[in-house]
Amino acid sequence: MIQVESLRKTYLSRRRASGVGQALLSLVKPSRERIEALKDVSFSIERGEIVGYIGPNGAGKSTTIKVMCGILVPDSGVCLIKGRVPWKERAAHVAGIGVVFGQRSQLWWDVPVIDSFELLRDVYRVPGREYSASLEELVSALDLSPLLGQPARSLSLGQRMRCEMAASLLHSPDILFLDEPTIGLDAVSKLAVRAFIERANRERGVTVILTTHDMHDIEALVSRVILIGKGEILYDGGFEALVAGGRATGAGIEAVMAALYGEMGIA
Amino acid sequence: MRLLLRYLRLAAKGQLRYRSTFYLTAFAQIAMPLSLLAGISLLFARFGTLGGWSMGEALLCYGVTQVAFALAELSSRGFDNFPSILANGEFDRILVRPRGLMLQVLGSRLDLSRFGRLIVGGIVLAWAAKGSGVEWTPLKAATIALMTLCGAVVFSSLFVLGAAFAFLTTDGLELVNIFTDGGREMAQYPMSIYERWLRLFFTFVIPFACVNYLPLLFVLGRPGTGPAYALLPLAGLAFALPCLLAWRAGTRRYVSTGS
Amino acid sequence: MIASLRAYGGLFRMRFLRGLSYRAAALAGTATQFFWGFILIMVYQAFAKAGGSPLGLSQIASYVWLQQAFLALIVVWFRDKELLSLIVTGDSAYELCRPVDAYAFWFARLAAGRLAAALLRCAPIVLVASLLPDPYRLHGPSSVPAGLAFLACLALGLLLIVAITMFAYILSVVTLSPNAAFMFAAPIYEFAAGMVIPLPFMPEGLRHVLELLPFRLCVDLPLRMYSGAIPASQAPLLLLQQALWIALLVPAGRLALGKALRSSQAAGG
């Protein structure tokens, strides 16, 4: 379903000057830095998998996700999703995926949630009957009925995230990209979101790619993790096998991950 | 089309939700061109003429410009606000949706309070149609309509150009205002009062004169003009082309640099 | 007392450096202002050529260039976007938690922002405009006292406009929509201050009404002081008028801000 091979991406980033002298200098000669966001990234994901894509901040997670969503063109390498190259057939590609950015909302701030959903129906050209079936299912699965009439700005973060999840699945995509979907949520909401991801995967057969820093998400949902650090894949396999050594010391999961990142030299 | 209507409904709903804000903005949208209008009429009251143009004639110029600008703002605000769309990540969201990018940028920022300027411009235009003493013919009326529409295209193209520019840098974007706000300010007076270099620039580089001053000369029946002048506004459409190309180049660059 | 003064001083310096650091934006802004300046001069002069103008051609040019050079000190729409985003997100209620007076804090911040922008922008405009050929040239002040009176009026005008625009910020706290608040204020202010057309171009009755309002003291007064259209001998009286308005608006704004912040805190939940 998803095939990624030797993906490479280098950014040129301009450094902001700090002092007045430097500021003047940078007018003449902007100093630039090469950042290798992805060095050689390869993996493949089968239909119906839930894969955790983990790694420390700045490891290249978002860059990979952006490439897979068609937002970013890599320097070289192959990315095939359902046989399509995301950035070459953007519209056809994105019609079949759902994306949740945990830190950004896709709902219209000032109007009732249901209006945002209807906009999305028109954006994705979902036929009427399909839309009502999909909506009904999502509303009951996520317990949205009391929220639909409220504007997004008045929702709590947990309520909003539930609506975001629904918004990303209205058009019944086969693949769901979740970028930190549980960030900032309280315990109840986290559990609800996890349960829903699990259910969407089981009942709708949605392939889920999940990035998160919360290892409890990973423990609860994921059998396979891909670990990226400094732009390279360092591990691809079962989560328990990755952390078994650390767990034996009796440390908590966060400490285990921190130690692991340290050992790999990517902390 | 259906999607556009949906965007419009959403904008209406969202903006009417905050009545006080909506009324304040709408008031401002009426008051701004009105205060300008007051200024112009006071100047005419004092001096009587502007470079040989009567008040009615000059207001025709003002009305066409205001209506064109209002139409552009009503529809293309998303491009005017594009730096914010880029900064808050909305553009990434737009990229993961299976619709045209321009349509989505347009739809995300429809601003209904801009009707205020449209109304003021429309009223002034209607008044000036009489006050200018023009003997109206179907061709002349059609010319005014074409001027307005093509004027709106020129303003919209400038907004798009500014948005394309925003892909490169967010510094210095104020420069775009020279041509949008500045263009509006300038085009609302008859172009003949300006220095030659300015007239040339706004005829051949950004064709404000073609959508406003020059065809107006024909409408007013100035000597040496003919019906061919009625077609000049079409030059405004030609201006849209490079702006669209710049936008495309900008989006290409965005997906290859991610910033 | 000294500690709190130091806090304002620190804030002032920070905003000042901040303003200086946006060079490209400043450059673009300057270019924009030149463009506007030329347009306005050409329009006013085209009118004035009909004869009977209360301002001579060179006085028109000076009026417009100074208006452009010191735009940051005299327009309503020069806004502190960070402060406004603080207001929109509702974080402005936290200002009550700081150990300093919110009004004074905002006042210093806004005045510093305007001053920095003005200092950055005025030099190139004044310099280039004074090298332009007539009738576009910016001439020097009509006399030394006129120049000094101009600076004094401009300085008090800065305090006055900050006091005036503070009400737009307060309105933003209430409506949570800064755009609306500023767009509401701008057309009224600009007309009454003489930015749409200079006050001398207006009919006498209207001018007398506008002279009763504080707005023209920010724009019209300093600019005409410069060219000697208002004699420098009148300066002390007019400066006093500015001071009185400041003394009136500051306590009123302070009261209103306190109320607005407290109620926004209650509504914030």
Between A:N57 and C:V128, what is the spin-label point distance in nm, taking each point 7 Å from the Cα along the Cα→C-beta axis? 4.2
Which order do the peptides A:227-235, C:159-167 take when ranked by the mean count of other beta-carbon atoms within 10 Å per residue, highest first? C:159-167, A:227-235
Full extension between A:R34 and A:E5 adds, at 0.36 nm per residue less the Cα distance, a length in nm of 8.2 nm
Using 23 Å as the Cα-Cα cut-off, could you pick out the over-long pairs in B:K130/C:K49; A:K61/A:K88; A:K9/C:K81; A:K82/A:K190; A:K66/A:K88? B:K130/C:K49; A:K9/C:K81; A:K82/A:K190
Evaluate E = 1/(1 + (r/R0)^6) for B:I123 and A:V78, where r is the Cβ-Cβ distance and R0 equals 56 Å; express this FRET efficiency to the nearest 0.05. 0.40
Those residues of region A:89-115 whose amide nitrogen sits under 17 Å from the label point placed on B:S256, 7 Å along Cα→Cβ: A:89-90
Computed over the Cα atoms of the protein assembly as shown, what is the convex hull's projected area averaged over all directions, in nm²? 38.1
Taking 7 Å along the Cα-to-C-beta vector as the label spot, tell me the C:S85-B:T137 distance in nanometres, rounded to one decimal. 5.7
Give me the inter-chain shielding for B:215-223: mean count of other chain Cβ atoms within 10 Å, whole number please. 0
With the convex hull built on the Cα atoms of chain B, state its orientation-averaged projected area in nm². 15.1
Here the whole-number average of other chain Cβ atoms within 10 Å per Cβ of C:39-52 is 6
Tell me the label-point distance for the pair B:R9, B:L168, using the 7 Å Cα-to-Cβ offset, in nm and rounded to one decimal. 4.1
Using the per-residue mean of other Cβ atoms lying within 10 Å as a proxy for protection, in what order, highest first, do the peptides B:219-231, A:123-135, A:201-213 fall? A:201-213, A:123-135, B:219-231
With +1 on each Lys and Arg Cβ and -1 on each Asp and Glu Cβ, and nothing else charged, work out how big the dipole of region B:156-259 is about its Cα centre, in Debye to the nearest 20. 320
Per-residue counts of other Cβ atoms within 10 Å, averaged by peptide: what ranking do you get for C:132-138, B:46-52, C:223-229, highest first? C:223-229, B:46-52, C:132-138
Which of the aspartates and glutamates could a cross-linker span from B:K140 if the Cα-Cα distance has to be under 16 Å and same-chain partners fewer than 8 positions apart are dropped? B:E57
Per residue of B:93-105, what is the mean number of Cβ atoms on other protein chains within 10 angstrom of that residue's Cβ? 5
Lys/Arg +1, Asp/Glu -1 at C-beta; region B:2-257 dipole; positive extreme among B:F159, B:Q104, B:T49: B:Q104
Using the Karplus curve 6.51 cos²θ - 1.76 cosθ + 1.60 with θ = phi - 60°, what ³J(HN,Hα) values do you get for each residue of region A:53-68, in whole Hz, with x for Gly and Pro? 10, 10, x, x, 4, x, 7, x, 4, 4, 4, 4, 4, 4, 4, 5
Which percent, nearest 5, of DSSP beta bridges in the protein assembly as shown are antiparallel? 55
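Here, each number is a calculation from the coordinates, and none is a lab measurement. Values in this document were obtained by computation on a predicted structure and should not be read as measured data. Please note: Cβ atoms are built from the backbone with ideal geometry, for glycine as well, and neighbour counts cover all protein chains shown.
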